[in-house]
Amino acid sequence: MIAPLIRLVVASATTRLLRSAASDMALRLMLALGALLAGTVGVLCFSYAGFIVLERHIDSAAAWAILGGLYAIAGLSLYLTATRRRRGVRLLTD
C-alpha cells in the first residue's frame, strides 16, 4: 500500500526537478546568447569607430592593417591564455 504512494511522490518530485532544471538551462542559454549578441555588436561598433578614426589620419589599407593586427594580437593572447594548462605554463599567482 505504501510503495505505490512513495513511487508517486518520488515521480512527482523527479518531474518537478526535471522541469526546474530545464527551465534553468533555458534561462542560462538565453543569457549566454544575449551576451554573445551584445559582445558581437560591441566589437563591430568599436571596430568601425576605430577604423573611422584611423582612416582620418592614414589611408584605408593601413587602417585595416592596424585593426587586423590588433585582432591578431587579441586572438593570440586569448589562445595562449586558454591553452596555458595544456602547455604547462604556470602563472605567478598559481
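How much length is gained on full extension from Ala82 to Val9, taking 0.36 nm per residue of separation minus their Cα-Cα distance? Show your work: numbers first, answer last.
Working: separation 73, 0.36 × 73 = 26.28 nm, distance 4.54 nm.
Stretched fully, the Ala82-Val9 segment lengthens by 21.7 nm.
Obtain the nm distance between the two label points defined at Ser20 and Ala38 by a simple spin-label model: each point lies 7 Å from its Cα along the Cα-to-C-beta direction.
Once both label points are built, they end up 2.7 nm from each other.
With angles folded into 0 to 90 degrees, how steeply does helix 2-57 sit against the dominant principal axis of the chain? Use alpha carbons for both and round to 10.
The two axes meet at around 10 degrees.
Using only alpha carbons, build the gyration tensor for the chain and give me the equivalent ellipsoid semi-axes, biggest first, whole Å. Mind showing how you got there, number by number?
Values: eigenvalues 530, 96, 11 Å².
Square roots of five times the eigenvalues give 51, 22, 7 Å.
Can you compute the modelled spin-label distance between Leu31 and Asp59, with each label point 7 Å from Cα toward Cβ, in nm?
A separation of 5.0 nm, rounded to one decimal place.
Among Leu44, Met30, Tyr71, which residue has its Cα positioned farthest towards the positive end of the charge dipole of the chain, with +1 placed on the Cβ of Lys and Arg, -1 on the Cβ of Asp and Glu, and the dipole taken about the Cα centre?
Comparing the listed Cα positions along the dipole, Met30 ranks first.
Here, each number is a calculation from the coordinates, and none is a lab measurement. Predicted, not measured: the structure shown is a model, and the values here were computed from it. Cβ: placed from backbone, ideal geometry, glycine included. Neighbour counts: every protein chain shown.
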